[in-house]
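*Asks:* Would you mind keeping the following structure in view while I ask a few things?
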Amino acid sequence: MEKLFSYGTLRSKQIQMQVFNKVLTGTADQLLGYKLKSLQIEEEFGMADYVVAVPSDDLSDIIYGVVYTISNTDLAKVDIFESNSYKRVQVRLKSGIQAWIYTENQ
């Protein structure tokens, strides 16, 4: 099983049903030393606004989100769901949990 930290659209029950065909149960956590940046992604009907986690020079910056325990199969589904504007990296959360997050793919 894998840990996934979500700070954006994957916290939505509707998106979870679309991606996993189920609603996930998670625990609130925080990612320190990162900040959110606006990101525009071209979609089928035009541009859409999202946010993306990027490392910050200020270690007091915090992103609030939810950590989920998911299968490797579900993690692969997230890789497909997230556009190539994002890349998956491992981080240590404030709780000490090591989790995957999606950051800006530069």
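*Asks:* As an exercise: evaluate Gln16 against (1) touching a Ser or Thr at 6+ places or on another chain (Cβ under 7 Å); (2) at pLDDT 90 or above; (3) of a type outside the set (D, E, K, R) and give the number of the one condition it does not meet.
*Replies:* All conditions pass for Gln16, except number (1).
*Asks:* Whether any residue in the stretch 78-86 is out of contact with any Ser or Thr (no Cβ under 9 Å at 6 or more places or on another chain), part of a strand (DSSP E or B) and without any contact (Cβ under 8 Å) to a residue 40 or more places away in the chain is what I want to check.
*Replies:* For the stretch 78-86, residues out of contact with any Ser or Thr (no Cβ under 9 Å at 6 or more places or on another chain), part of a strand (DSSP E or B) and without any contact (Cβ under 8 Å) to a residue 40 or more places away in the chain: absent.
*Asks:* Are any residues in the stretch 50-83 more than 24 Å from Lys22 (Cα to Cα) and open to solvent by 60 Å² or more (accessible area, probe 1.4 Å), and if so, which ones?
*Replies:* Pro55, Asp57, Asp58, Leu59, Ser60, Ile62
*Asks:* So which residues in the stretch 26-47 are exposed (fewer than 12 other Cβ atoms within 10 Å of the Cβ) and modelled with pLDDT under 95?
*Replies:* Ser38, Gln40, Glu42, Glu43, Glu44, Phe45, Gly46, Met47
*Asks:* Name every residue in the stretch 86-106 that is open to solvent by less than 30 Å² (accessible area, probe 1.4 Å) and among the small types (Gly, Ala, Ser), in order of residue number.
*Replies:* The answer is Ala99, and nothing else.
The values are calculated or read from the model by the stated rules, or taken from the named source; none is laboratory data. These numbers come from a predicted model, not from an experiment. Cβ coordinates were reconstructed from backbone atoms using ideal geometry, including for glycine residues, and neighbour counts include every protein chain displayed. The accessibility values were calculated without ligands, DNA or RNA, using every heavy atom of the protein model including side chains. Shrake-Rupley method; radii C 1.70, N 1.55, O 1.52, S 1.80 Å.
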